[in-house]
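Written out below as structure tokens is the structure these notes cover.
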Amino acid sequence: MMNIVVAMKQIPDLRQIRIRNGQPVLEDVPLTFGNIDKNALEAGVQLKEALGGKVMVVAVGSEALEDTVKEALAAGADEAYLVLDGKLENSDSARSAELIARIIKGIENVDLILFGEGSGDNYSGQVGSRVAGMLELPQASYVRSIEVNGNKATVVRSLEDCEEVLEMEMPLVLSVLADINEPRIPSVSQILKAGKKPREILDIEVPEGVQVKTISNLAPQMQRKQTSVESAQELIQVLAAEGYKGVK
Amino acid sequence: MAGILVYSNKGTLALELLNAAAALARVNSQGIKAVSINNSGMAADLAARGAEVYALDNEALLPADTAAIAESLRQLAEQLDVSIVLLSSDRRGKELAGRLAQIWRAGCLTDVKGLQSENGALLCIRNVLGGATVATQQIVNDRQVIALSPGAFAPAGELDGGIINPAVVEIKPSALKLLEVREKAGDSVDIEAADILVVVGQGVENQQDLSLIQQIAKALGAEVACSKPVASDKKWLGEERIVGLSGKICKPQLALILGVSGQVQFTVGIREAGTIVSINSDEKAFMNSMADYVLVADLKDVIPELAKQLA
Amino acid sequence: MGSQGESFDALIVGGGLAGLAAAYTMAAEGLEVLLLERGDYCGAKNVTGGRIYINPVRELFPELWEKAPLERHIAHEEVCLMSRKSSITMRYNGAELKEEPYQSYSVLRGKFDKWLAKEAERKGAMIVTRSRVDDLIMEDGRVKGVIAGGEELRADVVIAADGVLSFTARKAGLQKNIDSKNYAVGFKEVIELDPGVMEERFNLNGNEGAARLFMGDATAGKFGGGFIYTNKTSLSLGMVVGIDALAENPDLKAPEILDRFKERPEVARLINGGETAEYSAHLIPEGGFKGMGELFGDGILVVGDAAGFSMNIGVTVRGMEYALASGYYAARAVSEAKAKNDFTRSSLSVYAGLLNDSFVMKDFINFKESLDTLDYPQLFTHYPELAGSIMKDLYQVPDGPKNRIYSTIRKYLTMGEIWGLLKLGRRMMKI
Ligand SMILES: Cc1cc2nc3c(=O)[nH]c(=O)nc-3n(C[C@H](O)[C@H](O)[C@H](O)COP(=O)(O)OP(=O)(O)OC[C@H]3O[C@@H](n4cnc5c(N)ncnc54)[C@H](O)[C@@H]3O)c2cc1C
Ligand SMILES: Cc1cc2nc3c(=O)[nH]c(=O)nc-3n(C[C@H](O)[C@H](O)[C@H](O)COP(=O)(O)OP(=O)(O)OC[C@H]3O[C@@H](n4cnc5c(N)ncnc54)[C@H](O)[C@@H]3O)c2cc1C
Ligand SMILES: Nc1ncnc2c1ncn2[C@@H]1O[C@H](COP(=O)(O)O)[C@@H](O)[C@H]1O
């Protein structure tokens, strides 16, 4: 039996963000969970299915999260623990991590805490490490596989040039890579049942201050020629005209 | 500005950090504090660049044990009274950054690709929204942990005045056992260094076409790179060839992009290329809208044609 | 939910206006309804020109209109006849356009459908998005439910609200032959424009909106027309072209027709400085009464575009009111069937009766011949060219003495043509 916590971040659907006057337009962009967070959830659900236990989603964000979290409950989570506050729409990693750690401290007998390698929007890979630091738990990020034996887990951490096989004792914090699995697509009846699963909205005060201030956030200007060519041959001609070597 | 401490477990990255620190302190590397862990070669190297090196030699300290390395750096940061710790934003460095920031009570940013100093404030430049935008951000804490993208800064050059001091920290025995380290198969290609890249996306439907693509690359004097799914899901090419947010940020003179849809996490890795060519059967593919030359065509026909024409 | 797994009173395929209207109405009557929509959210992919007429459907949804996220009420109407190099614009001013209750509004489906979905959920409907129906469950020739994502979902009745070329209606054997003559293609852009600039450019007071319709060279002389509607902070611009017309000119690519339209000076100055935020293309049923399939079967009803309830009246398309109303009447029919616990074809035929008594079928019968009349090329080439030439002569001051106006007109128009223009003008005022 395992008690597994999965931290998931609500983000705007990145494919639907448009740029207006160099600024990203986020209004009316549907919210979802980050892709890699869905891998983290799938990893948790697979462990639960193999060993028994419970998967709890922990998320902190704006009020819309109450709706978004249904996605996770449909995809196999059993319960959700949320902190909702408009301020959290643009939180920094430190504050999110603090709130997540406080939620987790309130849950009993947690064995495994799973994160995505990076959130879909900020992709800074900080929150999981911060939570591990706050809870003083061992950690590994960039995890490609997890195997649990009793109170030990064998995980493979994938770095740029090598893979490390680690044996670690639970409780434990892991951040997973997208390669770890293929998240399931919930069925209609799972989606309908998700609406009835327990969702606890915690009354934790959200601190005002953030440690990171964003001075500007602009889409890079790209000036491209945007010329159509009709054939491979014409392409080679234009590249040759630009003087690329090897192109005759 | 109180002191700056730099650490990476990779030699080349540590030298880049040293250079970035020097620019920040508006001095040369002299006086900048650098940590080496169980690596006397790196300690010597850093000292040869003028750094004040603190060499931690403690066999109990495993690089794989993020908790222990973070705790060691926290103790050193306090002992040496620095206010900024620079780390490398490779996977190891990113994992470390959050933990160190938490236990040292610092603000933190990772994947920082540029630094600017403005009216005494240190501004960090990094991609956000999956790469759709570039943000300028400031850590408002006194203590800052900043992880710099590999390659964003040149390595520091040689300089006199370096020194190596022994360092001591107290750590608990490791809770983690390193069972095995497997070298990753794959050639050591450096797509970031290539002048020309031929980028394979999922629009390349037949694995057999890879050999033709290699011919095309050879004719152009190019390296072959790819989008993430081509390496991670299909495993046609090694992960070191991935262009994008979780791969490499490349700035070749020419990028020939074959069948890539152009989602931001990809384009962030190629948008600074000199000339971009996109070949895609979908006229409306986003990649086309950021290309200099667009060929709307089926790659099944174009790849053999290009190979033939360039042969 | 029923006891034997997932079973509902009604299952709706498609969350456009038709499906949502049905879901809203049935849920309000206490039925267990599940609506499946394949898009990320309701409204995500739904394409429309952008003008909805409220009067015909006002009474059907009395609680809705006050809070509905509509854009601007249309208070300015213009029709522009375009020839290759010139155009004539007719402006219609009517006091009724500026009086409440307003007749028509511009609308953006992304907002409107999303909101209507929330309202339907508030009434108790279950809506699942990102869920595509892949098949129908058919038993003894009766529709018993749907299959989505490999899962069987059963219901007393299925409502096909999946839009044009309805896969559901075809599967149930209700829509047999698909004739390309009965379809047009619509292209549409949403162009963001500063509201101040828009209000000045279109002469709008406050929340007033404008409708601009274009015909003639707008579609390179093909059956169809172009339109611009003003939204709160954007313009909806698009055109509608017959598929056959496109098929005849394979060289004429859709985006090019739209680009040509946008480059026309009459259009260019209206959209100048705007930024295209969305582009979409969509099929439009326009077979009218004759192109309609069967509307009901055993355990199934067909609503909205799926049933062919959309009408191309020359320069614009009407479909949203029909979608809303047919969804409403289908819901009523299901309620009646539920009371009898009889979901057979004959029990569900109440739907056809309700539609026949409503504006929906009356409109379609009225316009029965319209497609044929509209389908003569003169309307889209000859008249605009003609009108353009007349106006050019009128306003041009030639070297010699200027002809008297009457003779100028006579030079181009025969009596028959004058008559034709008049009829056309009358029809256009109805649009
Ligand atoms: C946090 C995060 C980080 C990520 N990091 C990266 C990253 O670093 N790098 C990366 O690449 N991705 C990354 N991704 C994934 C990214 O979002 C996209 O999924 C990926 O880039 C898509 O790859 P693709 O364009 O090759 O494939 P697809 O999106 O499947 O596109 C294939 C393209 O090929 C075209 N095509 C298909 N058949 C043909 C044909 N016969 N002829 C011509 N054209 C054809 C199609 O029109 C299409 O445009 C990341 C995602 C996340 C969430
Ligand atoms: C360019 C253009 C301009 C127009 N202008 C106007 C106008 O100005 N005024 C007007 O009144 N009308 C106009 N119309 C017509 C009007 O938009 C349509 O008649 C109306 O949208 C029909 O609504 P609907 O709900 O029947 O269909 P749709 O809005 O098409 O909804 C069908 C829904 O079903 C979903 N779906 C389809 N298949 C499945 C499946 N297998 N599983 C699950 N879901 C599925 C689709 O995703 C979609 O959301 C215009 C149409 C076009 C294309
Ligand atoms: N607001 C949040 N709520 C829940 N989990 C979060 C939140 N922000 C980040 N996470 C988790 O932390 C991981 C790393 O996020 P980041 O540090 O932003 O890259 C994500 O993949 C999530 O698993």
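In table form, for the structure just shown:
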item	result
Within the stretch C:196-308, strands (runs of 3 or more DSSP E) holding 1 or more residues that are at pLDDT below 85	C:208-216, C:224-230, C:234-242, C:275-285
Among residues of the stretch C:165-181, those that are crowded, with 20+ Cβ neighbours inside 10 Å and more than 30 Å from C:Asp342 (Cβ to Cβ), counted	0
Residues satisfying the stated conditions in the stretch A:169-179, i.e. in a strand (DSSP E or B) and surrounded by fewer than 21 Cβ atoms within 10 Å (Cβ to Cβ)	A:Glu169
Only one of B:Leu220, B:Leu306, B:Leu258, B:Leu295 that is more than 11 Å from chain A (Cβ to nearest Cβ) and surrounded by 21 or more Cβ atoms within 10 Å (Cβ to Cβ)	B:Leu258
Residue in the stretch A:107-125 that is more than 18 Å from the chain's Cα centre (by Cα), more than 16 Å from ligand 2 (Cβ to nearest atom) and among the charged types (D, E, K, R) present	yes
Residue within the stretch A:141-154 that is within 7 Å of chain B (Cβ to nearest Cβ), out of contact with any Pro (no Cβ under 9 Å at 6 or more places or on another chain) and not β-branched (Val, Ile, Thr) present	yes
Test: residue in the stretch C:51-61 that is modelled with pLDDT under 90 and among the basic types (Lys, Arg)	no
Segments classed as strands (runs of 3 or more DSSP E), wholly inside the stretch A:183-244, with at least 1 members that are at the interface with another protein chain (Cβ under 7 Å from one of its Cβ atoms) and in contact with a strand residue (DSSP E or B) (Cβ under 9 Å, 6 or more places away or on another chain)	A:212-218, A:227-229
Some residue of the stretch C:42-53 being in a loop (DSSP other than H, G, I, E, B), among the aromatic types (Phe, Trp, Tyr) and either more than 16 Å from ligand 1 (Cβ to nearest atom) or more than 19 Å from the chain's Cα centre (by Cα) (or both)	no
Tally of residues being surrounded by fewer than 19 Cβ atoms within 10 Å (Cβ to Cβ) and aliphatic (A, V, I, L, M) across the stretch C:186-215	2
Verdict on B:Gly247 being buried (at least 17 other Cβ atoms within 10 Å of the Cβ), under 20 Å from the mean Cα position of the chain (by Cα), within 11 Å of ligand 1 (Cβ to nearest atom) and within 30 Å of A:Ser141 (Cβ to Cβ)	yes
Condition met for C:Ser326 (at pLDDT 85 or above, within 14 Å of chain A (Cβ to nearest Cβ) and crowded, with 19+ Cβ neighbours inside 10 Å)	no
Every residue from the stretch A:86-107 that is at pLDDT 95 or above and more than 12 Å from chain B (Cβ to nearest Cβ)	A:Leu99, A:Arg102, A:Ile103, A:Ile104, A:Lys105, A:Gly106, A:Ile107
Tally, over the stretch C:112-135, of residues that are more than 10 Å from ligand 2 (Cβ to nearest atom) and assigned to a strand (DSSP E or B)	2
Residues satisfying the stated conditions in the stretch B:254-268, i.e. touching a Ser or Thr at 6+ places or on another chain (Cβ under 8 Å) and more than 8 Å from ligand 1 (Cβ to nearest atom)	B:Leu254, B:Ala255, B:Ile257
Residue in the stretch B:176-183 that is surrounded by 21 or more Cβ atoms within 10 Å (Cβ to Cβ) and modelled with pLDDT of 95 or more present	no
Per-region count, the stretch A:30-46, residues in a helix (DSSP H, G or I), within 16 Å of ligand 3 (Cβ to nearest atom) and at pLDDT 95 or above	10
Meets criteria (more than 11 Å from chain A (Cβ to nearest Cβ) and either under 30 Å from A:Cys162 (Cβ atoms) or not in a loop (DSSP other than H, G, I, E, B) (or both)) for B:Ser211	yes
Residue count, the stretch C:136-170 (criterion: part of a loop (DSSP other than H, G, I, E, B) and not aliphatic (A, V, I, L, M))	7
Top-ranked residue in the stretch A:122-177 [being free of Cβ contacts under 8 Å to residues at least 24 places away in the same chain and within 15 Å of ligand 3 (Cβ to nearest atom); ranked as farthest from B:Pro63 (Cα to Cα)]	A:Tyr123
Every residue from the stretch B:122-140 that is without any contact (Cβ under 8 Å) to a residue 60 or more places away in the chain and either surrounded by 20 or more Cβ atoms within 10 Å (Cβ to Cβ) or among the aliphatic types (A, V, I, L, M) (or both)	B:Leu123, B:Cys124, B:Ile125, B:Arg126, B:Val128, B:Thr133, B:Val134, B:Ala135, B:Gln137, B:Ile139, B:Val140
Residue count for the stretch A:91-107, restricted to those that are part of a helix (DSSP H, G or I) and either free of Cβ contacts under 8 Å to residues at least 24 places away in the same chain or within 8 Å of ligand 3 (Cβ to nearest atom) (or both)	5
Which numbered condition B:Lys284 misses (of (1) closer than 30 Å to A:Gly118 by Cβ; (2) facing chain A (nearest Cβ under 10 Å))	(2)
Strands (runs of 3 or more DSSP E) wholly inside the stretch B:66-171 that include at least 1 residues being touching a Phe, Trp or Tyr at 6+ places or on another chain (Cβ under 9 Å)	B:82-88, B:107-118, B:121-128, B:144-148, B:163-167
Members of the stretch A:47-73 that are part of a strand (DSSP E or B) and within 16 Å of ligand 1 (Cβ to nearest atom)	none
Hits in the stretch B:214-228 - residues which are of a type outside the set (A, V, I, L, M, F, W, C), out of contact with any Gly (no Cβ under 7 Å at 6 or more places or on another chain) and either in a helix (DSSP H, G or I) or within 16 Å of ligand 3 (Cβ to nearest atom) (or both)	B:Gln214, B:Gln215, B:Lys218
The stretch B:169-189, residues that are in contact (Cβ under 8 Å) with a residue 24 or more places away in the chain, of a type in the set (Val, Ile, Thr) and facing another protein chain (nearest Cβ under 7 Å)	none
Test: residue in the stretch A:10-22 that is in a strand (DSSP E or B), of a type in the set (S, T, N, Q) and more than 10 Å from the chain's Cα centre (by Cα)	no
Residue list for the stretch A:20-36, restricted to those being more than 13 Å from chain B (Cβ to nearest Cβ), away from ligand 2 (no atom under 16 Å from the Cβ) and within 23 Å of A:Gly118 (Cβ to Cβ)	A:Leu31, A:Phe33
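The values are calculated or read from the model by the stated rules, or taken from the named source; none is laboratory data. Because the structure is a prediction, the values reported are computed rather than measured. Every residue, glycine as well, gets a Cβ built from its backbone with ideal geometry; the counts of neighbours run over all protein chains shown.
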